[in-house]
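All remarks here apply to the structure that follows.
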Amino acid sequence: MLVKVEYRGVQKYIKVPQSDECFHYSKFLQDVTAKFCCEPQLFTEGVLVLTDTSDTEVDSDIFDELVRSGVRAFRVGYQKQLATDIEISLVEDESESSVQATPLVPPTSPVSLSDHSSSPASSCSSDSTLILKSTKSRKKGQEELDRDQAKQMVYTVLRSNPKGEEIFNEYDKTKTLSDATRRQMVNILVADMIESHGRIPPIGVRTNYDLGIATLFPYLQDPYSKNGYEHYYDPEANSGYLAWRLKTVQRNTYDGARGGPRPNFQDSPTTQRESLLVGEQLLGEDLREALSVIRHSTDKAVVKEKMRATFEYRQKLVHDPDATSSVLDVFPRFLDTPMLIDQDFSMMFGEEVSGRFLSKWPSYFKQKVITESQSLSSSPCVDELQASVDPELPSVFGWDSDIAALLLLLHLLPPTSRGHKKTAKISSAQAANHLVRFVKEGVSLTTFLEKVDTRQPFLLCIGEQKKNIQRFFIVVDQRAIPCDAPTSVAAFDGLFKAHFVFSLSYDEALCSFYTFIQTTIYNIDVGSAKESPRVKELRARLLRER
């Protein structure tokens, strides 16, 4: 495909390289440079940039989308560096004080070493030495300047809008923003962004608004994210509330081809990872003998020991997509020996990580979730759950307070539509059935399992009432794995760990729910797991200190 490129009044046609259904920005810019013989000159002209015919900078994030949408004309020019980017000191010698030369050129002028040659300091002796200011110090100062400018920009945009006062008032009062107010703020900022920078703002512009939000409203920052504001805009994945609103506006104003593929995050439970192995792993004939012992031994201590020695083999089995046999067929003792799931999980992540949910949920997160759930819209399901967690409003037919609090968390992180899949979105109340189910004592377990139609694990509770469970099972592949758990918290702990032990992806309806628990409570794959903006926003709310 050929496009027309203009450089200093000269126009030429240049081929756009394509590979794997994606137009390559960097290779195209290299070809442009070679065709026009225009090498970037930092000190005399600036940094070479590509713009469209409206002089809007085009970066790698939107180049592919523009080409696909039919844009066939670009311009090449230089973006000049600020004079304050380089600061020079002239030192006479150790016995005399240093004289600092500050560039006198205006900020929009290009930086040139010749600009300093005519200054009085240039008459110094030949022994004078040029000393560049510490790069680290300059970078820190620039970052602080960027933050202040971004903060002021967002502040000005919101204050100039009639709805801005409501946003500031709510934040000052609650140190957070409700979903409705957050949407209002995002809509205001995206509208300003598009008005100032066009329908497809450059990445730097989007990040600047993102930085301004986090700096102006520090309690909205996510402490587990790299920068704290990725739930508003993540440039690597082009996700977040700002990105989503931009896409909505672009979709409503233009019916063109979509951009290239985005980074593909792995589903954490199915990722093969380094284990914290303790003890020797068996191979060959020793392995076959251990499998036989595991299958027939009645000594649970021996079974646990042999299961530990065959952990590596078991992990290869669960991560092999071509394996014809189920791990529960090869290792049937999961079905009658409690704590084997916990043992495997501890070998993967260590005892400290394994115990985090049991220590953090009851002591911190449970009450935080209950408090945050007061913002949920009233419904029969939500009302019943809130009654179950309120000691002053005992619910006869509801769940115990721990399961009720987990289900309230699910309502705070409801199922979302998954991209462009033609699947119907379900409610939080319906999604709860994917997480936990209740069977009254006396019902045939075999008959129940025959009707199970999902491979994803869920927690089966058996008892006379939901609030008084006698037995817990983790159901996987129509098999019931017993939980030797005294509480529903411990039973859920085993359910979560089963995803990693058996390499099973999260149920689609529970993805945000489980990801929150994985990263925020267990602290697994923090910063690398794919998290929705809603997950990051809820974490920022629950972890903030008022």
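For the reader, a short list of remarks on this structure follows.
- Whichever residue in region 259-284 is modelled with pLDDT of 85 or more and part of a loop (DSSP other than H, G, I, E, B) and, among such residues, is nearest to I517 (Cα to Cα): T271
- Just one of (1) under 18 Å from Y522 (Cβ atoms); (2) modelled with pLDDT under 95; (3) not β-branched (V, I, T) fails for G355. It is (2).
- Residues of region 457-481 that turn out to be part of a strand (DSSP E or B) and under 17 Å from P332 (Cβ atoms), as a count: 7
- Failed item in (1) aliphatic (A, V, I, L, M); (2) over 24 Å from K467 (Cα atoms); (3) surrounded by fewer than 21 Cβ atoms within 10 Å (Cβ to Cβ), with L376 passing the rest: (2)
- Meets criteria (over 22 Å from S388 (Cβ atoms) and outside any loop (DSSP other than H, G, I, E, B)) for T454: no
- Qualifying position, being within 18 Å of the chain's Cα centre (by Cα) and farther than 28 Å from S178 by Cβ, among S528, S503, S532, S512: S528
Every residue, every condition in (1) of a type in the set (S, T, Y); (2) in the same structural domain as G240 (by TED's automatic domain parsing); (3) surrounded by 14 or more Cβ atoms within 10 Å (Cβ to Cβ); (4) within 24 Å of L412 (Cβ to Cβ), yes or no:
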{"position": "D146", "(1), (2), (3), (4)": "no, yes, yes, no"}
{"position": "A180", "(1), (2), (3), (4)": "no, yes, no, yes"}
{"position": "N187", "(1), (2), (3), (4)": "no, yes, yes, yes"}
{"position": "D192", "(1), (2), (3), (4)": "no, yes, yes, no"}
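- Taking region 146-178 as the range and being in contact (Cβ under 8 Å) with a residue 60 or more places away in the chain and either basic (K, R) or under 18 Å from R544 (Cα atoms) (or both) as the test, the residues that pass are R147, K151, K175, T176, S178.
The values are calculated or read from the model by the stated rules, or taken from the named source; none is laboratory data. None of the values given here were measured: they were computed from a predicted structure. Cβ coordinates were reconstructed from backbone atoms using ideal geometry, including for glycine residues, and neighbour counts include every protein chain displayed.
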